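> Have a look at this one before I ask anything.
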Amino acid sequence: MTSKKRGKIIAIEGIDGSGKTTVSTEIYSFLSSKGVPIYYSFEPTYTKIGSIIHRFLRGEIPLDSHSQALLFAADRLEHLSREIIPYIKQGKNVILDRYVHSSYAYQGALLNDLKWIMTINKFALAPDLAIYIDVPPSVAIRRIRKKGRSNISVYESVRFLGRVRNIYKSFVKKGELIEIDGTKEKDQVVKSALAIVCKSLKIKLL
């Protein structure tokens, strides 16, 4: 009996306001319509661990920086065991709105200790493909405010997002992320990302 071909983990990364959620959902919708075995998810999740993170992000509870990093890592491992690994074993490709490079970038910028962040995430499977959508922090925050969000968190200041962006770009230089210009029109950004994903999955993009 032949075993099913393992699916791929495809991560879409970027700072808030970069368009990563739009891109990841558009890719999921397109591939689903073409009959490609695909599953969509995001981080942080809404499991028990992920829900604590969401409460913190909404400003409902305080969390120190190290606890934040550990919770993101724990949520990721739970996500892998409950969803990602079972689906890729079934042969489904999993597209993720944020994955491990988000921890490297955000918690790395917050703690200025990328080595430790990478250590606590060392058990997370590396993505088969990771796309980084790049936009300047000022553009990202303008987009966030345009959506009607007035509460800009510690994760959403120009200065902090500048540090996050620099870490993302360092992983682009290492070849772990493929960069796309997120300042272009939405359709162009989606098309660029979709072309990269289809090439990775060896699917013809018509």
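> How much length would be gained if the chain were fully extended between K204 and K48, taking 0.36 nm per residue of separation minus their Cα-Cα distance, in nm to one decimal? It would help to have the intermediate numbers written out before the result.
Details: separation 156, 0.36 × 156 = 56.16 nm, distance 3.94 nm.
Gain in length upon complete extension: 52.2 nm.
> If you don't mind, there's one more thing I want to ask. Which value results when the Cα radius of gyration for region 87-206 is divided by 2.2 N^0.38 Å?
Details: Rg = 15.7 Å, N = 120, 2.2 N^0.38 = 13.6 Å.
This ratio for region 87-206 stands at 1.16.
> Could you work out the helix-only [θ] at 222 nm for the chain, with each DSSP H run of four or more residues adding -39,500 (n - 2.57) and the total divided by the number of residues, to the nearest 500 deg cm²/dmol? Mind showing how you got there, number by number?
Numbers: 9 runs with 105 residues, N = 206.
Mean residue ellipticity, 222 nm, calculated: -15500 deg cm²/dmol.
> May I have the convex hull volume per residue, in Å³, for the Cα set of region 77-144?
Values: hull volume 7.9 nm³, N = 68.
Per residue, the Cα convex hull of region 77-144 comes to 116 Å³.
> Which of I49, C198, Y99 sits closest to the plus end of the dipole of the chain, meaning its Cα is farthest towards the positive end, when Lys and Arg get +1 and Asp and Glu get -1 on the C-beta?
Of the listed residues, the answer is C198.
> May I pose another question? Ranking request for peptides 129-139, 177-187, 99-109: highest mean number of other beta-carbon atoms within 10 Å first, then the rest in descending order. Display every interim value, and only then the final one.
Values: 129-139: 20.5, 177-187: 16.4, 99-109: 24.5.
Descending packing order for the listed peptides: 99-109, 129-139, 177-187.
> Filter the cross-link list K48/K199; K89/K173; K5/K202; K8/K173; K122/K202; K4/K173 down to pairs whose alpha-carbon distance in this structure exceeds 25 Å. Intermediate values should be presented prior to the final figure.
Details: K48/K199 36 Å; K89/K173 30 Å; K5/K202 14 Å; K8/K173 22 Å; K122/K202 29 Å; K4/K173 34 Å.
With Cα atoms farther than 25 Å apart: K48/K199; K89/K173; K122/K202; K4/K173.
> Shifting gears a bit: Show the residues, 5+ positions off or on another chain, whose built amide H is closer than 5 Å to the amide H of I9.
V94, D128, L129
> If eta is 1.567 mPa s and T is 4 °C, what Stokes-Einstein diffusion coefficient results for the chain, Kirkwood Rh from Cα pairs, in µm²/s?
My calculation gives 74 µm²/s for D.
> While we're on this one: Going by C-beta contacts inside 10 Å, put I167, I9 in order with the fewest on the left. If you can, show how the numbers build up before the last one.
Values: I167 17, I9 23.
Ascending Cβ contact count within 10 Å gives the list I167, I9.
> Take every Cα pair under 8 Å in region 9-201 that's 6+ residues apart, average their separations, divide by the length, and report that relative contact order as a whole percent. If you can, show how the numbers build up before the last one.
On the way: 263 pairs, mean separation 62.1, N = 193.
32 percent.
> Sticking with this one: So what's the gap between the Cα centers of region 1-45 and region 69-122, to the nearest angstrom?
That distance is 15 Å.
> Quick one: which residues, 5 or more positions from Y132 or on another chain, have an amide H under 5 Å from its amide H? H modelled 1.01 Å from N in the peptide plane, none for Pro or chain starts.
Distant-sequence amide H within range of Y132: E13, I178, E179, I180.
> Okay, moving on. Suppose the chain between M118 and E179 were pulled fully straight at 0.36 nm per residue; how much longer would it get relative to their current alpha carbon spacing? Could the numbers behind the result be given before it?
Details: separation 61, 0.36 × 61 = 21.96 nm, distance 2.07 nm.
Gain in length upon complete extension: 19.9 nm.
> Can you run phi through the Karplus equation (6.51, -1.76, 1.60; θ = phi - 60°) for region 95-108 and list ³J(HN,Hα) in whole Hz, with x for Gly and Pro?
Karplus values, whole Hz, x for Gly and Pro: 9, 10, 8, 5, 8, 4, 5, 5, 5, 4, 6, 6, 6, x.
> If the chain between K186 and Y40 were fully stretched, how many nm would it gain, using 0.36 nm times the residue separation less the Cα-Cα distance? Can you show the working numbers first?
On the way: separation 146, 0.36 × 146 = 52.56 nm, distance 1.97 nm.
Extending this stretch completely gives an extra 50.6 nm.
> Among N121, H79, T25, whose Cα projects farthest towards the positive end of the dipole of the chain, with charges put on the beta-carbon of Lys, Arg (+1) and Asp, Glu (-1)?
The one lying farthest along the dipole's positive direction is T25.
> Residue by residue through region 25-33, what is 3J(HN,Hα) from phi via Karplus (6.51 cos²θ - 1.76 cosθ + 1.60, θ = phi - 60°)? Round to whole Hz and write x for glycine and proline.
For region 25-33, the Karplus curve yields 6, 5, 5, 4, 4, 5, 5, 4, 5 Hz.
> I want to check the label-to-label distance for T25 and S65. Put each point 7 Å from Cα in the C-beta direction and report it in nm to one decimal.
Label-label distance for T25 and S65, simple model: 3.3 nm.
> Related question: I need two numbers for region 22-134: Rg to one decimal and Dmax as a whole number, Cα atoms only, in Å.
Calculated on Cα positions, Rg and Dmax stand at 14.7, 44 Å.
> With θ taken as phi - 60° and the coefficients 6.51, -1.76 and 1.60, list the Karplus ³J(HN,Hα) couplings across region 39-54 in order, rounded to whole Hz; mark glycine and proline as x.
Rounded to whole hertz, the list is 9, 10, 8, 8, 10, x, 7, 10, 6, 4, 5, x, 5, 5, 4, 4.
We did not get these values from a lab; they are worked out from the coordinates using the rules stated. The shown structure was predicted, so the numbers you read here are calculated from the model rather than taken from an experiment. When we count neighbours, we look across all protein chains shown, and the Cβ atoms used for this are built from the backbone with ideal geometry, even at glycine.
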